[in-house]
Amino acid sequence: MRLSNKEVGKIVYDSFLQAFGAKDREELKGDNPYRSSFFVSLIGDKLKNHFKFAKTNYQSIDPNNPNKKLAGEWLFDISVTAQLEIEDIRKGCSNSKINTNILFACESEFETSLHAFTTDFGKLICSNANQFLFIQGLNQKTNAGRRDFIESRMNIIRSQLVHLISNDFVLAFIPTPGKIGDSSFWDKYEKEVKSWVEIYIYGVSMNSFQKIDYHND
């Protein structure tokens, strides 16, 4: 069953709160790449619970065991694929499953350069997935800087990429756990960073973004 885009946004928001709440646990404290990987894996966990009939491909992270990063990505940071079992009838009849179509695809990019955006968002455009999610990092220190960046990204999609997008999708802006200067955003701006999260649903028919507020849910 397809998730509504509002449900997808809620999964992203809840996963961020969960990862942020665990940021000072022993294996996550001070390890910002691990924090971001943990955040993405939480989204994968929640999608796996929903898409029980399909295969959810992502790198599963256990924050209590830094050596237990389970390989599982396929083409994207997270993908959900329908599968078909095929067999080779020679000598014992071996069988295996093959991915046949992408039900859901997710890319997360905490770098804010235009090149980083075009590389990962382009993967989603090319995916022909039934549904997709793009997570864009925020690393701007001021509200005005974040507002300008968010509006710029949305304007690129509305004005330059609209003809390439055929379905509604979720665009989530999430504060990076990475370092700016000598400390992580999640640590330096601990008291306010949760309020920086902005999640939008892009409606292809109107070529517009609708902001969804989960802060008061």
Got a sec? Which of Ile157, Ile180 is in contact (Cβ under 8 Å) with a residue 12 or more places away in the chain and surrounded by 17 or more Cβ atoms within 10 Å (Cβ to Cβ)?
Ile157
Among residues belonging to the stretch 17-29 that are free of Cβ contacts under 8 Å to residues at least 40 places away in the same chain, of a type outside the set (Lys, Arg) and assigned to a loop (DSSP other than H, G, I, E, B), point out the one that is nearest to Phe104 (Cα to Cα).
Leu28
For a quick check of your reading of the model, give me the residue pairs whose first member lies in the stretch 40-55 and is open to solvent by 30 Å² or more (accessible area, probe 1.4 Å), whose second is of a type in the set (Phe, Trp, Tyr), with beta-carbon atoms closer than 8 Å and at least 6 apart or on different chains.
Lys48/Tyr58
Restricting attention to the stretch 160-171, which residues are in contact (Cβ under 8 Å) with a residue 12 or more places away in the chain and more than 18 Å from Val12 (Cβ to Cβ)?
Leu161, Val162, Leu164, Ile165, Ser166
Please indicate, with yes or no, whether at least one residue in the stretch 81-91 is under 22 Å from Thr176 (Cα atoms) and buried (at least 17 other Cβ atoms within 10 Å of the Cβ).
no
Looking at this structure, is Leu138 among the aliphatic types (A, V, I, L, M), modelled with pLDDT of 95 or more and more than 24 Å from Lys179 (Cβ to Cβ)?
no
Scan the stretch 108-149 for residues that are among the hydroxyl-bearing types (Ser, Thr, Tyr) and touching a residue at least 24 places away in the same chain (Cβ under 8 Å) and jot them down.
Ser108, Thr112, Ser127
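On the given criteria, is Val80 in a helix (DSSP H, G or I), of a type in the set (Val, Ile, Thr) and within 30 Å of Asn216 (Cα to Cα)? Talk me through it step by step, then tell me what you get.
On the way: in a helix (DSSP H, G or I): no; of a type in the set (Val, Ile, Thr): yes; within 30 Å of Asn216 (Cα to Cα): yes.
Criteria not met by Val80.
Yes or no, residue by residue, for (1) modelled with pLDDT under 95; (2) assigned to a strand (DSSP E or B); (3) more than 14 Å from Glu107 (Cα to Cα):
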| site | (1), (2), (3) |
| --- | --- |
| Val40 | no, no, no |
| Lys46 | no, no, yes |
| Phe53 | yes, no, yes |
| Pro66 | yes, no, yes |
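The values are calculated or read from the model by the stated rules, or taken from the named source; none is laboratory data. Every value quoted in this text rests on a predicted model; they were computed, and no experiment measured them. Every residue, glycine among them, receives a Cβ derived from its backbone with ideal geometry; neighbour counts consider all protein chains shown. Areas reflect the complete protein model, heavy atoms only, side chains present, ligands, DNA and RNA absent. Shrake-Rupley method; radii C 1.70, N 1.55, O 1.52, S 1.80 Å.
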